[in-house]
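Notes follow once the structure below has been shown.
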Amino acid sequence: MVDKPEVNLVGPALEEKNFRREWLRLAGTASAGAILFLLTGDTNQLYAQSKEGDLGILSAALYLEQEAVAAYQAGAESKLLPEGVLKVAVAFQSDHKYHRDGISGVLKSLGVEPRGPEKKYDFGRLHSDKDILRLARDRESGAVLAYGTLASNLLTKAVLNFGANVLVDEVRHRTILNSVLGIPNY
Amino acid sequence: MSKNNTTNPRPVSRRQALQAAGLSAALGVAALGKPAAAVVRYEGDLAILNVALGLEHQAIAAYDAGANSKLLNADQLKIAVSFQNDHKRHRDALIQFIKRFHGTPVAPKASYDFGTITSAADIVKLAQSLEDGAMNAYLANAGKLENREILNAAVPILEDEVRHNTVFKQLLGMDVTERLKY
C-alpha cells in the first residue's frame, strides 16, 4: 500500500538523479562478488569478497526494486490504467518483486536484515495513465542504467548471469513502456 | 628487432618513474612494461566473439534481405534500417576487439538461407527469431567472458538485442510479459 502521491514537480527528477549518482558510486566500489548480488545465494563467494562493497550494492539494488514495486502499485491503485495496460503493469511489478525477493534472500544469507520499503514514495503528479507510464518508464530506464553499469564490476560469473537476466527484464519493460508512450525504440 | 626492445637504454628519472606509475595506476594497466609476448589472447573470449560476429553478419544479411524484398512498408523499413545499423555497429565493435586480441574475425557467409519470404510478416518473424537467438547467445555467454573490457562492450549489445526482440514480439502480437526462467 502506498500513500497518495503528493504534488511535486521537481522532486522526483532530482531524487532520481541523486539516486543514480549514489548507485553509480556504490557500483564503483563494488567488489567482485559484490554482486553475487542478485542472487545465486552462494554465500561462500559472497564472503570471499569485500562484504562492505557487497552490502552497499545489494542495498542499492534492493532500494531500486522496492521503489519500482511501489511505483507500479501506485499506478495500479490509481485506477487510471486501462485494463490491458494494468495487466502489463502487474506483470512487470511481479518481475520487480522477483528481483527484490532474490536480493533480500542474499542479504539474509549474509546475516543482514534487508531494509523494508520506504514508508512513503513521492512519485509526483499522477493524474493520468500517461503520468503513470512515464513514472514507470523512468524507473525502468534508471534500472537499465544501473544494472548495465554493474557489469563492469562483476567478477563472479553466477552473479553476472543473474544480473544479465535482470537487465534483460528491465530493457524489455522499458521497450514496452516506450512503445506505449510513443517514444521511439529505434 | 633491436635488443633494446626488452631493456630500456635510457636512465629513467625518479619523476618519470612516478609519472609512469601514476599513469599505470590511473589506467589500470597492469601489463605496463611487460614484453609484447605477454599479451593475453583470451582464447575463450575470442571464440565467443567470433560466434557473436557470425550472428551479427547473419542479422545484417537478414535485414538486407528484408529491405530488398520491397515487402516492408515505410514504418517497418525504418525499423529494419535502424536495427541493421545497430548490428553493423556491433559487428564493427566485435571485429575491433577480435583484432586487438590478435584473433581473426570470421567473415560473412557468401549467402544465407532465410527460407521463403513472401510477406512482411515473414520478415518480421525471421528478424524476431534471429534477435531472440542473439539475445540468448549474449545472455548465455556473458558470464563466460574473461576480459572485463569485452564484457562491458557486450552489455549494451545485449540491451540492443533485447530491445529489437521485444519490438518484434510486440509487432507479432507475442507475449511480452513473460520473464525468462532464471
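The values are calculated or read from the model by the stated rules, or taken from the named source; none is laboratory data. Please read all numbers here as calculations on a predicted model, not as lab measurements. As a convention, Cβ positions derive from the backbone with ideal geometry for all residues, glycine included, and neighbour counts pool all protein chains shown.
Kindly indicate whether any position in region B:84-93 is within 12 Å of the chain's Cα centre (by Cα), on the phi < 0 side of the Ramachandran plot, assigned by TED's automatic domain parsing to the domain that holds B:GLU159 and among the aliphatic types (A, V, I, L, M). Walk me through it before giving the result.
We begin by selecting, within region B:84-93, every residue within 12 Å of the chain's Cα centre (by Cα); these are B:86-93.
Now narrow it down to the ones that are on the phi < 0 side of the Ramachandran plot: B:86-93.
Cutting the leftovers down to assigned by TED's automatic domain parsing to the domain that holds B:GLU159 gives us B:86-93.
Remaining after also requiring among the aliphatic types (A, V, I, L, M): B:93.
Within region B:84-93, one or more residues are within 12 Å of the chain's Cα centre (by Cα), on the phi < 0 side of the Ramachandran plot, assigned by TED's automatic domain parsing to the domain that holds B:GLU159 and among the aliphatic types (A, V, I, L, M).
Return yes when B:ASP64 is over 23 Å from B:GLY44 (Cα atoms), free of Cβ contacts under 8 Å to residues at least 60 places away in the same chain, more than 14 Å from chain A (Cβ to nearest Cβ) and assigned to a helix (DSSP H, G or I) and no when it is not. Walk me through it before giving the result.
Details: over 23 Å from B:GLY44 (Cα atoms): yes; free of Cβ contacts under 8 Å to residues at least 60 places away in the same chain: yes; more than 14 Å from chain A (Cβ to nearest Cβ): yes; assigned to a helix (DSSP H, G or I): yes.
Against the criterion (over 23 Å from B:GLY44 (Cα atoms), free of Cβ contacts under 8 Å to residues at least 60 places away in the same chain, more than 14 Å from chain A (Cβ to nearest Cβ) and assigned to a helix (DSSP H, G or I)), B:ASP64 qualifies.
For region A:165-186: of the residues being hydrophobic (A, V, I, L, M, F, W, C) and part of a helix (DSSP H, G or I), which is farthest from the other protein chains (Cβ to nearest Cβ)?
Ranking the qualifying residues of region A:165-186, first place goes to A:LEU181.
Can you find, within region A:89-100, the residue that is farthest from A:ASP129 (Cα to Cα) among those that are surrounded by fewer than 19 Cβ atoms within 10 Å (Cβ to Cβ) and facing chain B (nearest Cβ under 10 Å)?
So in region A:89-100, the residues surrounded by fewer than 19 Cβ atoms within 10 Å (Cβ to Cβ) come out as A:90-91, A:94, A:97-98.
Subsequent filtering for residues that are facing chain B (nearest Cβ under 10 Å) retains A:90-91, A:94, A:98.
Values: A:VAL90: 14, A:ALA91: 17, A:SER94: 19, A:TYR98: 25 Å.
Residue satisfying both the conditions and the ranking: A:TYR98.
Quick check on my filter: what residues within region B:129-182 are in a helix (DSSP H, G or I) and either in contact with a strand residue (DSSP E or B) (Cβ under 8 Å, 6 or more places away or on another chain) or among the β-branched types (Val, Ile, Thr) (or both)?
The initial filter retains those residues of region B:129-182 that are in a helix (DSSP H, G or I), namely B:129-142, B:148-171.
B:ILE150, B:VAL155, B:ILE157, B:VAL162, B:THR166, B:VAL167, listed by residue number.
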